[in-house]
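Notes follow once the structure below has been shown.
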Amino acid sequence: MAGTKALLMLENFIDGKFLPCNSYIDSYDPSTGEVYCKVPNSGEEEIQAAVEAARKAFPGWSSQSPQERSRVLHQVADVLEQSLEELAQAESKDQGKTLALARTMDIPRSVQNFRFFASSILHHTSECTQMDHLGCLHYTVQTPVGIAGLISPWNLPLYLLTWKIAPAIAVGNTVIAKPSEMTSVTAWMLCKLLDKAGVPPGVVNIVFGTGPRVGEALVSHPEVPLISFTGSQSTATRITQLSAPHCKKLSLELGGKNPAIIFEDANLEECIPTTVRSSFANQGEICLCTSRIFVQKSIYSEFLKRFVEATRKWKVGIPSDPLASMGALISKAHLEKVRNYIKKALAEGAHIQCGEGVDKLSLPARNQAGYFMLPTVITDIKDESCCMKEEIFGPVTCVVPFDSEEEVIRRANDVKYGLAATVWSSNVGRIHRVAKKLQSGLVWTNCWLIRELNLPFGGMKSSGIGREGVKDSYDFFTEIKTITVKY
Ligand code: NAD
């Protein structure tokens, strides 16, 4: 048909080759609501082929020196960096995020993931201890686990996928990765670059498709002893059930209901713009985004006024708009889910200070069917409300007052999640006290999302099991053995 653009057709990447699939699923451009890409709808057959490729590649790859693997990982980082603009354009189109964010966060961090593990792999030492009275020396050795199964979500597609691939292959595993079916394009582009960087065939296999079909085939395969998963708690439960008969090693990075605690002595000049960013960056679709803001009563009115003003300036626009701070949400279904939370809050008597239903969103004609919404601030909401308890994973945040330190710690901890928190105060003693008592794997004080990749990343309670980061990833992707020698 005249004017119809050809759809982008993705293929699986198995044993270093691009292979078509028997069936495909639609992938949408979130900024227009149009289908623009076809993603392989893989299943057991493709997983079996990937397992065979990964099994065949394992002896060669795992017996390479760390220096050689490091060299290859550096090459992957270099070719990714050379393609930064192309990858950023693709990520923004596929996910709906602003091009500016893809350029400055997603793709640079993907490059850094490879560079970081390329370097850290060279600096591991094993432990050794002696028992002179028994004439014994004990030491540890770590060996790759084998074939690693990696499953990633749609919010930070290449960023989170490479955060798993890089450590897994750095320590000598071969991998089968399954990105989200909603955002598969940059993973497919990565396959071409892996080849260019000299990653041997079968070391990284990427198989596309839905969770229930190809995801479950991967998790259930008896020759895949390890699953590293980032996504929702309900999927993690299913993965845990499927892995149980095989006693698989699991790393689960899940959702959050992250509090920001703002004391009366906080520096609001810094706190307000950072809390707007922590609430609405990437459309609020980051597991670390703030969704409950507790503000000490004495500054509540002032904070709310200034926070709402700043939120109104957080522009929603098409992803390529250089002035936009926020693009489109991932899907129609997700947009509806997020809007439903706002409806429920209103039905409970809460107030919407700005955003959905209050302000007007203006978009170009061709983006009217895109999945856009304004950043939304809810007040006068009870702690028991689903908006204060459940992960919304969209541009919605609740602002509530508190009186005392003790009270706010109790309320902040009163959710099933425990991923990330922020604390704002100029009292150093209070910062340490509160940070220590929060049930949260990560606490940022007077800042947000400053990452040190050497240190553990992950959540407690329903936010997950295990940590990622240099030592944690190394331990997770290897088996550790203690050897005792009697002399
Ligand atoms: P999701 O659980 O729906 O999907 C994640 C991945 O799992 C996708 O690749 C999906 O296809 C796959 N999957 C779905 N069902 C499966 C099954 N039965 N078996 C195997 N695989 C299956 O999550 P999502 O909606 O893509 O991502 C959003 C969630 O991810 C949010 O809860 C968010 O907080 C969480 N998240 C956590 C972190 C973290 O580091 N803690 C980071 C980003 C996102």
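For the chain, count all C-alpha to C-alpha pairs, find those more than 40 Å apart, and express that count as a whole percent of the total.
Numbers: 27631 of 118341 pairs.
Within the chain, distances greater than 40 Å cover 23 percent of Cα pairs.
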* Label-point gap, in nm, between residue 126 and residue 138 - each point 7 angstrom along Cα→Cβ -> 1.5
* To do: Along Cα→Cβ, 7 Å out, is where each label goes; now give me the distance between the ones at residue 460 and residue 332 in nm to one decimal.
  => 4.3
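May I ask you to derive the relative contact order of region 258-445, considering only C-alpha pairs under 8 Å and at least 6 residues apart, and to give it as an integer percent?
Working: 337 pairs, mean separation 55.2, N = 188.
Relative contact order of region 258-445: 29 percent.
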* Cα centroids of region 355-381 and region 453-487: how far apart, whole angstrom? -> 42
* Asked: aspartates and glutamates within cross-link reach of residue 192: Cα-Cα under 19 Å, excluding same-chain residues under 8 positions apart?
  -> 11, 15, 46, 78, 81, 85, 86, 91, 94, 106, 181
* Hey, with R₀ at 56 Å, roughly what FRET efficiency would residue 380 and residue 78 work out to, going by the Cβ-Cβ distance, to 0.05? -> 0.60
* Asked: By how many nm would the segment from residue 348 to residue 449 lengthen if fully extended, with 0.36 nm per residue of separation less the alpha-carbon distance?
  -> 33.1 nm
* Asked: Whole-Hz Karplus ³J(HN,Hα) for region 285-292, in order, using 6.51 cos²θ - 1.76 cosθ + 1.60 and θ = phi - 60°, x for Gly and Pro?
  -> 9, 10, 4, 9, 5, 6, 10, 9
* Structure fact -> Ranking 271, 289, 443 by how far each Cα lies towards the positive end of the charge dipole of region 258-445 (+1 on Lys and Arg Cβ, -1 on Asp and Glu Cβ), the top one is 289
* Global size of region 258-445 as Cα Rg and Dmax, reported in angstrom -> 16.1, 53
* Excluding same-chain residues fewer than 8 positions from residue 471, which lysines have a Cα within less than 23 Å of its Cα? -> 164, 248, 249, 436, 461, 481
* So which lysines pass the test for residue 305, namely a Cα distance under 16 Å, with those fewer than 8 places away in the same chain ruled out? -> 297, 313
* **Residue-averaged 222 nm ellipticity for the chain, from DSSP H runs of 4+ at -39500 (n - 2.57), nearest 500** => -11500 deg cm²/dmol
* **Gain upon complete extension [residue 63, residue 5; 0.36 nm per residue less C-alpha separation]** => 16.2 nm
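What Kirkwood hydrodynamic radius, in Å, does region 144-261 give when the mean of 1/r is taken over all pairs of distinct Cα atoms and then inverted? Each step should come with its number before you reach the end.
Details: mean 1/r = 0.0688 Å⁻¹.
That comes to 14.5 Å for region 144-261.
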* Structure fact -> Using alpha carbon centers only, region 384-413 is separated from region 207-221 by a whole-angstrom value of 35
* Within the chain: Cβ-based charge dipole about Cα centre, in debye rounded to nearest 20 (Lys, Arg +1; Asp, Glu -1) -> 200
* Asked: How big is the gap, in Å, between the Cα center of region 267-345 and the Cα center of region 64-104?
  -> 28
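Under the definition of Cα pairs under 8 Å and six or more residues apart, what whole-number percent is the relative contact order of the chain?
Details: 1104 pairs, mean separation 90.9, N = 487.
Computed over the chain, the figure is 19 percent.
Each reported figure results from applying straightforward, stated rules to the coordinates on display, with no laboratory input. Not measured: the values here are computed from a predicted model. Note: ideal-geometry Cβ built from the backbone for every residue, glycine included; neighbour counts use all protein chains shown.
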